1. So which residues in the range 10-26 are surrounded by 15 or more Cβ atoms within 10 Å (Cβ to Cβ), within 12 Å of the chain's Cα centre (by Cα) and of a type outside the set (Gly, Ala, Ser), if there are any at all?
2. So in the range 32-61, with the set limited to residues that are polar (S, T, N, Q) and surrounded by fewer than 16 Cβ atoms within 10 Å (Cβ to Cβ), which one is farthest from Ile95 (Cα to Cα)?
3. Looking only at the range 29-60, how many residues end up being in contact (Cβ under 8 Å) with a residue 40 or more places away in the chain and over 17 Å from Ile80 (Cβ atoms)?
4. Let me confirm something: among Ser121, Ser112, Ser72, which residue is over 18 Å from Thr25 (Cβ atoms) and modelled with pLDDT of 50 or more?
Amino acid sequence: MSVNKAILIGNVGKDPEVRHLEGGTSVARFTLATSDSYKNKSGEIVKNTEWHNIVAWRQLAEIAEKYIRKGSQIYVEGKITNRQYDDKDGNKRFINEIVADNIRLLGKKEDSYSPPSAVGSARTTTDPMSVNLPEEPDQATEGDDLPF
C-alpha cells in the first residue's frame, strides 16, 4: 500500500491562470507559499518560505477562477506529481506540482472572495473525473455572526 497526499495551508502567490481546453475542460495553475520559522543559534527568528505549484482541474479550476486571488489564504489537499518537459532551448526541466482534489478558502468571512455559501470547496470522489460540490447551506445560517 502507498499514499501520495499533500495537505497545505498558505497564501496564493498570484491570481490563478486558467485555461479552457477543447471539450470544455478547465485547468487552473497558481503558486502557494507556505512558511515556517525557527530560532537559529544566535536566537534570531528565521522565516523560511516554500513555494508550491498548484494545479486544479474542472470544477476546482472554475472555483479558483472565480474566488481565488493573489494573497488569499487557502487550504489545499492533493497529490504530488512530477513531470518533465523541454524548454525553448531544448534543456530538460523538471517540475513538482500538487494536483488539487480539495480546495477551501480560509480567512475571515468578510475578507473572503466567496459568497456565504462557501463554494470554495470541492472534493473529488475515487473517480478523478467526477467532483462533488457542497450542498447549499441552510438559509437560517447565512446571517449568523460567526467569528470566522
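1. Asn11, Val12, Asp15, Pro16
2. Ser42
3. Number of matching residues: 2.
4. Ser72
The values are calculated or read from the model by the stated rules, or taken from the named source; none is laboratory data. Computed from a prediction, not measured in an experiment: that's the story for all the values here. Note: ideal-geometry Cβ built from the backbone for every residue, glycine included; neighbour counts use all protein chains shown.
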